[in-house]
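Colleague: Have a look at this one before I ask anything.
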Amino acid sequence: MQAAETTVDPSEVAKFEAMAAEWWDPNGKFKPLHMLNPCRLDYITRQIAAEFDRDLSADTPFADLRLLDIGCGGGLLSEPMARLGATVVGADAAERNIPVARIHAEQSGLDIDYRHTTAEALAEAGEQFDVVLNMEVVEHVADPLAYLTACRVLLKPGGLHLCSTINRNPKSFVMAIFGAEYVMRWLPKGTHEYAKFITPDELCNLIEQAGMNPVDRTGFVFNPISWSWSLSSRDLSVNYVTAAIKPS
């Protein structure tokens, strides 16, 4: 069988492999994700609950849902999804992330299927999921449309695709690159490339071209006074997330 084509950008993978050991350090190189994670989880859980008619007050509201966390890193999203009852596959193109994620899941008593693989390889293997989490990945791939198409193939009909990324404008450059990498030094310099940032309109257009129906777009907004993140239906100027459905 011919090997699956891949949209993985080796230089982008190398950046995250170099930081793999720090995934679970809330004050390390992934501090921005630890700070953002509660806000991300709020959006993700509400979208899944609404789409699949689940009661978030139940012990395991996502039981019987198969979920893919593509670009799972150390498992910051995979673990809470597993705790909520989902059957979770965490996939990452950066090989060094996987043992970090596996060890932490074992220490946490969680059964998560972590794999060093790509969206394209999973799609070629015929894997199918109710939910695909595609968070902070699309700005790091070589071909966003091909990558999003693979994500659509991975979804069951009626499945939910959640994709977050960074807008492209002067404010996002100041906040996500100059501020995060040069001033606050939360991330190593060069973690993000401004040219790879994607506007909400561009992303929704790519999602439609990939064969999914966008149903929501929401901003993640950082408040430097309260030092916290919140969701906004209006402010998508820097970080934002989209929800889309694969047609039945």
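The values are calculated or read from the model by the stated rules, or taken from the named source; none is laboratory data. A quick note: this is a predicted structure, and the numbers were derived from the prediction, not measured. Counting neighbours? That spans all protein chains shown, and the Cβs are built from the backbone with ideal geometry, glycine included. Remember, those area values only see protein heavy atoms, side chains included, never the ligands or the DNA or RNA. Shrake-Rupley method; radii C 1.70, N 1.55, O 1.52, S 1.80 Å.
Colleague: Just give me the residues in region 120-130 being hydrophobic (A, V, I, L, M, F, W, C) and either farther than 21 Å from residue 148 by Cβ or not in a helix (DSSP H, G or I) (or both), in sequence order. Quick ask: steps written out before the conclusion?
Modeller: Within region 120-130, the subset hydrophobic (A, V, I, L, M, F, W, C) is 121-123, 125, 129.
Across region 120-130, the qualifying residues are 125, 129.
Colleague: A follow-up question, please. Looking at residue 146, is it in contact with a Leu (Cβ under 7 Å, 6 or more places away or on another chain), over 30 Å from residue 58 (Cβ atoms), in a helix (DSSP H, G or I) and touching a residue at least 12 places away in the same chain (Cβ under 8 Å)?
Modeller: Numbers: in contact with a Leu (Cβ under 7 Å, 6 or more places away or on another chain): no; over 30 Å from residue 58 (Cβ atoms): yes; in a helix (DSSP H, G or I): yes; touching a residue at least 12 places away in the same chain (Cβ under 8 Å): yes.
Here the answer is no, as residue 146 does not meet what is asked.
Colleague: Identify, please: which residue in region 149-172 is of a type in the set (Gly, Ala, Ser) and part of a helix (DSSP H, G or I) and is, among those, nearest to residue 40 (Cα to Cα)?
Modeller: Filtering region 149-172 for residues that are of a type in the set (Gly, Ala, Ser) and part of a helix (DSSP H, G or I), the one nearest to residue 40 (Cα to Cα) comes out as 172.
Colleague: Can you find, within region 234-248, the residue that is least open to solvent (accessible area, probe 1.4 Å) among those that are part of a loop (DSSP other than H, G, I, E, B) and over 17 Å from residue 221 (Cα atoms)?
Modeller: If we filter region 234-248 for residues that are part of a loop (DSSP other than H, G, I, E, B), which is where we start, we get 234-238, 246-248.
From what is left, the residues that are over 17 Å from residue 221 (Cα atoms) are 246-248.
On the way: 246: 35, 247: 61, 248: 134 Å².
Per the stated criteria, the residue is 246.
Colleague: Oh, and also: Restricting attention to region 94-119, and to residues there that are within 16 Å of the chain's Cα centre (by Cα) and assigned to a helix (DSSP H, G or I), which single residue is surrounded by the most Cβ atoms within 10 Å (Cβ to Cβ)?
Modeller: Selected residue: 119.
Colleague: What is the residue count in region 81-91 for residues that are part of a loop (DSSP other than H, G, I, E, B) and in contact (Cβ under 8 Å) with a residue 40 or more places away in the chain?
Modeller: Here the count works out to 1.
Colleague: Could you list, in sequence order, all residues of region 47-83 that are farther than 21 Å from residue 151 by Cβ, touching a helix residue (DSSP H, G or I) at 6+ places or on another chain (Cβ under 8 Å) and hydrophobic (A, V, I, L, M, F, W, C)?
Modeller: 56, the sole residue that qualifies.
This table checks each residue for (1) of a type in the set (Asp, Glu); (2) open to solvent by 10 Å² or more (accessible area, probe 1.4 Å); (3) not in a helix (DSSP H, G or I).
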| site | (1), (2), (3) |
| --- | --- |
| 34 | no, yes, no |
| 37 | no, yes, no |
| 47 | no, yes, no |
| 51 | yes, yes, no |
| 57 | no, yes, yes |
| 68 | no, no, yes |
| 73 | no, no, yes |
| 79 | yes, no, no |
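Colleague: I would also like to ask the following. Could you tell me which numbered condition residue 216 fails, if it satisfies all but one of (1) open to solvent by 40 Å² or more (accessible area, probe 1.4 Å); (2) over 21 Å from residue 155 (Cβ atoms); (3) not β-branched (Val, Ile, Thr)?
Modeller: Single failed check for residue 216: (2).
Colleague: Being open to solvent by 20 Å² or more (accessible area, probe 1.4 Å) and under 21 Å from residue 203 (Cα atoms) narrows it down to one residue among 150, 125, 146; which is it?
Modeller: Of the residues listed, the single one that is open to solvent by 20 Å² or more (accessible area, probe 1.4 Å) and under 21 Å from residue 203 (Cα atoms) is 146.
Colleague: What tally of residues in region 20-32 results from selecting those that are open to solvent by 40 Å² or more (accessible area, probe 1.4 Å) and of a type outside the set (S, T, N, Q)?
Modeller: Residues that pass the stated criteria total 7.
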